[in-house]
Amino acid sequence: MSIFVASLWVLVVICVVLFLYTRSDTTASGDASFRSFQLTYLVVYMLAMAGDWLQGPHVYALYQHYGMSTHDIEVLFVAGFGASMIFGTVVGSFADKYGRRANCILYGVLYGMACVTKHFGNFWILMIGRLLGGTATSILYSAFESWLVYEHNKRGFSQDLLGTLFSHATLGNSLVAILAGFVAQFFADSFGFVAPFDVSLTVLAIMCVVIIFTWSENYGDSAVNVRTSFVSAIKSIKSDRKILCLGVIQSLFEGSMYTFVLEWTPALTPVATTASSVASRRLLEEEDVTVEGHRGAIPHGYIFAAFMIAIMIGSSLFKILCRWTSIESFMRPVLFISAVALCTPIVCPGNQLVIFIGFLVFEVCVGLFWPSLGTMRGKYVPEETRATIMNCFRIPLNLIVVIILVQNLRMDLIFKCCVMFLLCACLSQHVLYRDSLNVSKALPETSGEGSRQDAGKMPLIKEDLVEANGNEDDDQN
């Protein structure tokens with residue numbers, strides 16, 4: 001049994017233990033209204049993510065099947081990130097003015113149209129599909145969360161429950177990713193590389209129907225035009241350092257994460273130099289043929305599943321860490337650890353075991369990052385321009401990936417860039433933590449409903465303001 005398969009089962013055991021431990025202590029266990037709201041959101045969100053995951057595994061293979069050259073495929077991928085950066089930023093910001101629910105439906109329509117283009121082997125039709133898909137991706141990572149935060153606050157649920165919901169969304173997203181991989185592979189093997197895109201189209205259509213019948217509409221500031229919304233978003237980012245720090249953290253971490261997605265395969269693939277050196281460091285039993293019955297130098301399916309389970313472990317650790325300290329505080333070591341984890345291909349090139357362990361640690365950090373960032377955005381980003389600000393954050397994110405794609409840099413240099421990005425994100429997180437301490441100290445000491453609402457927007461730092469938290473709990477009880 002290869003190290004990849006063995007690690008997968010070890011991760012499964014750890015994940016199950018952590019899930020059962022955190023599930024038994026969830027704060028939402030007795031809140032039927034929250035459980036109903038959570039289900040309403042998660043059903044739609046899981047369908048939206050399934051529509052995305054079903055397309056991922058076979059995009060490259062489909063382009064190759066159509067006879068596209070390597071250069072053509074690279075251009076198509078760059079176009080997708082470029083469309084997300086340019087068109088997606090504008091279309092995604094429509095959510096604040098024209099409605100988050102409508103924007104989520106638009107995501108299904110645009111991504112569904114992108115699936116249709118996959119039936120044609122023409123480069124320019126496929127280019128249109130990449131532009132549609134890139135635009136839809138910006139909506140996926142802004143409008144759904146904006147709808148959720150507004151409805152969560154409107155119903156009067158606590159910030160702790162918002163973190164729980166984001167944690168469950170991260171956990172479910174990883175499960176959906178694994179399931180989508182199996183489903184996509186089955187349909188690709190049975191009906192061809194275009195079949196997974198047809199399944200995705202069906203899932204996206206179902207998602208749109210569910211949204212229509214279960215979601216209500218909400219807005220940011222529908223009275224202003226899109227240009228004014230952008231101006232307000234930029235002013236908010238410039239005037240509030242906490243929002244600026246969140247943008248820096250999101251752009252640098254996610255930029256590193258998407259770059260990692262492009263580079264983990266070559267980093268884990270053994271490089272044949274001499275017979276003795278390969279034999280001394282290879283963990284695979286057969287060269288260039290199969291591993292545990294799977295074609296290829298490394299078992300991509302097992303590795304991908306291990307990564308997703310590591311993310312699920314991170315989402316469970318998020319709940320545990322939230323009991324002991326604030327998100328603003330524990331995300332500092334999380335970001336630093338993620339930087340150290342991506343040093344492994346630089347420090348130990350060719351050492352599969354060390355690199356794989358480092359990548360698993362990085363994915364655990366990803367599982368911590370998603371619910372943490374979503375919760376912090378829910379606290380600090382103003383409701384009126386929430387979707388617009390979130391899409392502004394995606395501009396440097398996509399720019400990072402596009403630059404790395406077109407530069408054709410060496411793998412070690414790419415990982416050095418990622419480490420530098422993550423260390424800068426760690427520094428930004430520390431600044432955010434210090435600013436959140438200052439805001440918490442400025443909270444009024446008087447009790448009452450107004451104070452509780454302010455505390456929801458400006459979180460108390462647990463290790464520094466335990467007494468204030470205790471008083472708040474007493475008020476709520």
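Annotations for the structure displayed:
- Phe157 long-range amide H proximity, modeled H, under 5 Å: none
- Packing, taken as the mean count of other beta carbons within 10 Å per residue, orders the peptides 63-69, 322-328 from highest to lowest as 322-328, 63-69.
- Net charge dipole, region 38-223: roughly 240 debye, given to the nearest 20, about the Cα centre with Cβ charges of +1 for Lys and Arg and -1 for Asp and Glu.
- Between Val340 and Arg35, the FRET efficiency from the beta-carbon distance, with R0 = 51 Å, is close to 0.85.
- Report note on the peptides 349-361, 39-51, 398-410: ranked by the mean count of other C-beta atoms within 10 Å, highest first, their order is 39-51, 349-361, 398-410.
- At full extension, Ile357 and Gln185 could sit 59.3 nm farther apart than now, given 0.36 nm per residue minus the alpha carbon distance.
- Computed log₁₀ I(q)/I(0) - Debye formula, equal Cα scatterers, no solvent, region 38-223, q 0.13, 0.17, 0.18 Å⁻¹: -0.68, -1.08, -1.18
- If the segment from Glu74 to Leu20 were pulled out straight at 0.36 nm per residue, it would be longer than the present Cα-Cα gap by 15.1 nm.
- Annotation: for a label point projected 7 angstrom from Cα along Cα→Cβ of Ile86, residues of region 373-400 with backbone N closer than 19 Å are 391-400.
- Cross-linked pairs Lys379/Lys416; Lys118/Lys319; Lys97/Lys238; Lys238/Lys319; Lys154/Lys238; Lys118/Lys379: Cα-Cα separations exceed 29 Å for Lys379/Lys416; Lys118/Lys319; Lys238/Lys319; Lys118/Lys379.
- Count Lys and Arg as plus one, Asp and Glu as minus one, and take only other residues whose Cβ is under 12 Å from that of Trp215; the net charge is then 0.
- Over 20 Å [Cα-Cα, region 131-193], rounded percent: 51
- Accessible surface of region 38-223, 1.4 Å probe, proportion on carbon and sulfur as whole %: 69
- Computed lengthening from Arg434 to Asn122, 0.36 nm per intervening residue step minus Cα-Cα distance: 107.0 nm
- Average accessible surface for region 38-223: 39 Å² per residue, computed with a 1.4 Å probe over protein heavy atoms with every protein chain in place.
- Here region 223-264 is scanned for amide nitrogen atoms under 19 Å from the site 7 Å beyond the Cα of Ile403 along Cα-to-Cβ, giving 245-263.
The values are calculated or read from the model by the stated rules, or taken from the named source; none is laboratory data. As the structure is a computational prediction, the values presented were derived from the model and not from experiment. Methodologically, a virtual Cβ is constructed for each residue, glycine included, from the backbone with ideal geometry; neighbour enumeration extends over all protein chains shown. Just so you know, the surface numbers come from the protein's heavy atoms only, side chains and all, with ligands and any DNA or RNA stripped out. Shrake-Rupley method; radii C 1.70, N 1.55, O 1.52, S 1.80 Å.
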